[in-house]
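The structure appears below as structure tokens.
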Amino acid sequence: MQANSLVVLDFETTGLSPNMGDRAIEIGAVKIKNGEITESFSQLMDPGFRITGFIEDYTGISNHMLKGMPSCAQVMGEFSDFIGDSNLVAHNASFDKRFLDAELALLSKSYSGQFACSMLMARRIYQNAPTHKLGDLIRYKNIPSDGGFHRALYDSQMTVKLWLTMLEDIKQDYGLKDISFSLVKKLIKTPKKSVHEFLNNQK
DNA sequence: TGCCAGGCCCTCTTTAGGGCCTT
């Protein structure tokens with residue numbers, strides 16, 4: 001079982017809204033246990049229609065690359081097995097959750113883990129960062145990267161690094177030995193102006 | 001071809017509007 005594991009995931013999609021007919025075209029994910037990367041998942045998938053030039057430019061994923069790739073149903077079925085009962089993290093998780101829920105609903109599948117959002121976390125921990133975009137936060141924290149954002153596995157790998165950096169910063173700044181997923185969920189619900197007080201009370 | 005959404009969060013707020021994030 002994977003009760004202690006966390007899956008950090010990122011979708012590339014045909015647009016912003018599954019309610020408007022958008023589909024996933026790539027899923028990238030990294031599984032971590034006790035702060036260590038144990039597995040990864042990366043797969044392009046055919047949404048069943050041509051993607052726009054904007055999405056080709058934005059992601060670097062072309063219609064040519066998607067031709068012959070397995071269907072969303074096949075890939076998401078495999079991804080459902082990958083995530084198991086892990087908790088889930090994504091940057092601006094409300095976006096990735098919408099697509100995960102929509103794709104799995106088409107397969108009559110669901111998942112038992114809970115989502116946490118690295119962007120909402122960063123807005124609380126790094127309140128002075130100029131922006132809370134993933135790429136900008138990576139630069140803000142001087143985390144090594146080659147700047148090749150907007151592919152699913154790469155972005156999920158960068159999100160893992162940001163996530164582990166945030167946990168380490170909290171531990172050091174507030175003298176905490178361990179940070180549970182439930183503590184993270186409470187932190188994300190804490191108003192920004194009360195974050196310092198909240199973390200001080202966790203000792 | 002060109003267009004689309006939605007949750008969070010702040011403020012000149014809560015009977016609202018707009019920027020930030022994600023593709």
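Read-outs throughout are calculated quantities, based only on the coordinates presented, and are distinct from any laboratory measurement. What you see is a predicted model; the values in this text were computed from it and never measured. Neighbour counts are summed over all protein chains in view; Cβ atoms, including those assigned to glycine, are modelled from backbone coordinates with ideal geometry.
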I'd like the Karplus ³J(HN,Hα) series for segment A:53-59: coefficients 6.51, -1.76, 1.60, θ = phi - 60°, whole numbers in Hz, and an x wherever there's a Gly or Pro.
x, 4, 5, 4, 5, 5, 9
Among all the lysines, which ones have a C-alpha under 22 Å from A:LYS33's C-alpha, if same-chain residues fewer than 8 places away are not counted?
A:LYS97, A:LYS161, A:LYS171, A:LYS177, A:LYS185, A:LYS186
For chain A, what does the helix formula give at 222 nm: sum of -39500 (n - 2.57) over DSSP H segments with n ≥ 4, over the residue count, nearest 500 deg cm²/dmol?
-13000 deg cm²/dmol
Roughly speaking, what is the stretch gain from A:LYS171 to A:THR52, that is 0.36 nm per residue apart minus the C-alpha to C-alpha distance, in nm to one decimal?
38.5 nm
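If we sort A:150-163, A:187-200, A:17-30 on the protection proxy, mean other Cβ atoms within 10 Å, highest first, what's the order?
On the way: A:150-163: 21.6, A:187-200: 13.6, A:17-30: 19.5.
Highest mean packing first, the order is A:150-163, A:17-30, A:187-200.
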Kindly give Rg over Rh for chain A, based on alpha-carbon atoms, with the Kirkwood expression for the hydrodynamic radius.
0.98
Please work out the Kirkwood hydrodynamic radius for segment A:1-97, using every pair of different C-alpha atoms, and report it in angstroms with one decimal place.
14.1
Express the C-alpha Rg of segment A:56-175 as a ratio against the empirical globular expectation 2.2 N^0.38 Å, rounded to two decimals.
1.20
Roughly how far apart, in whole Å, are the Cα centres of segment A:166-182 and segment A:2-38?
24
Considering only DSSP beta bridges whose two residues both sit in chain A, what percent are antiparallel, to the nearest 5?
70
Cross-link reach from A:LYS203 to aspartates and glutamates, straight Cα distance under 13 Å and at least 8 residues apart if same chain, gives A:ASP173, A:ASP178
Please give the charge dipole size of segment A:66-142, origin at the Cα centre, charges +1 on K and R Cβ atoms and -1 on D and E Cβ atoms. Round to the nearest 20 debye.
440
